[in-house]
Amino acid sequence: MKTLKNKPVVGRRTIAKITLFAILSCLFFTTYAQVGTCRDCSIPSFGAITLYHIAQPHSNFGFGMEAGKWNKEDSRFSYFMGAKLEWFRLVPGSDKFNNSAGNIHFSVYMKGQFELMDRFYVVVSPEFVNLSSLDAEAGFRYTFPISTSIGIGVEPAYSFIQRQYSLNTNIHFALR
């Protein structure tokens, strides 16, 4: 493993292994967590709150929250508003290294999702980053209901301006 001033630097293989482990763990957990059939999974639409964790290269930690209307039968399109906060590791010697505000990204976004298949969605979200620049993310979302009002999911996405891949592991709470 490479080190940078006695601090380990995580390589791409390690990030890929962590991402693969997170996806497989979510799939394994959801397969055994759901008991019986979801009686209310066919309701037309409902409000939802989603909490999630972000895994992204060069990021120490990230989390977010979004709320919106999740359509099931009325329409295949759903929309959400949310915010996320991420901390990044900066490269020593870079212009932003001594600037503590340069390693924090706060984003406010509007997300649209379109259902391709049962529980599988395409998502697109324009974002306002650090109240100073615009970005856009596109990706996929797979969700799995655990109970009548709770679901979990994974959401791999790509940020076009930052040119970064990310993986969100999320939990959805239906509001009824």
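The values are calculated or read from the model by the stated rules, or taken from the named source; none is laboratory data. None of the values given here were measured: they were computed from a predicted structure. Quick reminder, even Gly has a Cβ in these numbers, built from the backbone with ideal geometry, and neighbours come from all protein chains shown. Side chains are part of the model used for accessible areas, which takes the heavy atoms of the whole protein and leaves out ligands, DNA and RNA. Shrake-Rupley method; radii C 1.70, N 1.55, O 1.52, S 1.80 Å.
Any idea of VAL129's accessible area? Nearest 10 Å², probe 1.4 Å.
10 Å²
Filter the chymotrypsin sites (Phe, Trp or Tyr not before Pro) in the range 136-176 to those in DSSP coil with at most 16 other Cβ atoms within 10 Å of their Cβ, and list the result.
PHE160
Could you put HIS58, HIS172, HIS105, HIS53 in order of accessible surface area, largest first, with the 1.4 Å probe and the full protein assembly present?
HIS58, HIS53, HIS105, HIS172
I'd like the accessible area for MET81: 1.4 Å probe, protein heavy atoms, all chains in place, Å² to the nearest 10.
Taking all protein chains as shown, MET81 has close to 110 Å².
Using 0.36 nm per residue, how much length does the chain from MET110 to TRP87 gain when fully extended, once their Cα-Cα distance is taken away?
In short, 6.2 nm is gained.
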